[in-house]
1. Using a cut-off of 25 Å between alpha-carbon atoms, which lysines can reach Lys173, once sequence neighbours fewer than 8 places away in the same chain are excluded?
2. Modelling each spin label as a point 7 Å along the Cα-to-Cβ direction, I'd like the Gln176/Asn143 distance in nm, to one decimal.
3. Using a probe radius of 1.4 Å on heavy atoms only, what accessible surface per residue do you get for segment 69-170? Whole Å² is fine.
4. Order these peptides, 98-107, 158-167, by their mean beta-carbon neighbour count within 10 angstrom, highest first.
5. On a C-alpha basis, how far is the centre of segment 92-140 from the centre of segment 187-237 in Å? Whole number, if you could?
6. Find how much the distance from Glu127 to Leu195 grows on full extension, using 0.36 nm per residue of separation minus their present alpha carbon separation; answer in nm with one decimal.
7. Once the piece of chain linking Asp167 and Tyr221 is laid out straight, how much longer is it, given 0.36 nm per residue of separation minus the C-alpha distance between them?
Amino acid sequence: MLNTKNTKILTALLVAFVLTIAMAACGSQEDDSEESSTEATTAEAETIDDMDALMEQVAQEELILQYKDYLLDKAFAKIEVFGMDTEGDQVTAYTMLCTGEYVALKDKAYNVSGAQGEAIIKYHVTEEGPVLDEVIWSEDGSNHDPWVEENFSKEALEKLKAYDAYDADGKSKLEQEMNKDVEEEMDVAVETENLLEINGEEGTYKIIKTIESGDPASDDYQFDTEVVEEGLLSDVNS
């Protein structure tokens, strides 16, 4: 015959043991979750800070400030990162890179040179922040797709293929983000319709309006330009 008293005691001990294990596991999951969340937040913040510093180096490396002797002239860069390989303090980032040289004239900033395309950015991490080693742009023309397939990691390639670099109006998303940085740093609005042409040797400038008509896919497409303003750089700076 079973001892009812002993059976009840054993059952109670088993229940208590199971509850203790469950509570410990739950607490461990919460701690791990909180720790992971903290680490993710910290890593994200560090990435943003490091990326700003890295982009400043990329801009200075990739662009020549052609008109700094005449006007306020600054270089900018923006990227979309599709993947990163890390080996020790060496980092290889697979990106879509957009660069631009912006010149300020009469309370407006104009993008006077730059580029956009897939690029591999190599840098190393130091206590003071990232230090740029090299920027490798993708190749053009018929070599473009094979170059990307060969040089991007599998993960980065998948994300690149899913990325839409342009909005519904055909404008670069990265350039639009870069324009916001330009307006904040240069304290002027970015001109996105007209172009600025500067002749340093003659000390002159022209603001040019582009005129398009017809369908680019058909024979009736036409492209023309019109000078809407011109003058001397010396008058602007006086």
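The values are calculated or read from the model by the stated rules, or taken from the named source; none is laboratory data. What you see is a predicted model, and the numbers here were worked out from it, not measured in a lab. Backbone-built Cβ (ideal geometry, glycine too); neighbour counts: all protein chains shown. Calculation scope for accessible area: heavy atoms of the full protein, side chains included, ligands and nucleic acids excluded. Shrake-Rupley method; radii C 1.70, N 1.55, O 1.52, S 1.80 Å.
1. Answer for Lys173, where 25 Å is the Cα cut-off: Lys74, Lys78, Lys108, Lys122, Lys154, Lys159, Lys161, Lys209, listed by chain and number.
2. Between Gln176 and Asn143, the label points sit 3.3 nm apart.
3. Value for segment 69-170: 54 Å² per residue.
4. 98-107, 158-167
5. Segment 92-140 and segment 187-237 have Cα centres separated by 24 Å.
6. Separation in residues times 0.36 nm, less the Cα-Cα distance, equals 20.3 nm.
7. Gain on extension, Asp167 to Tyr221, equals 17.2 nm.
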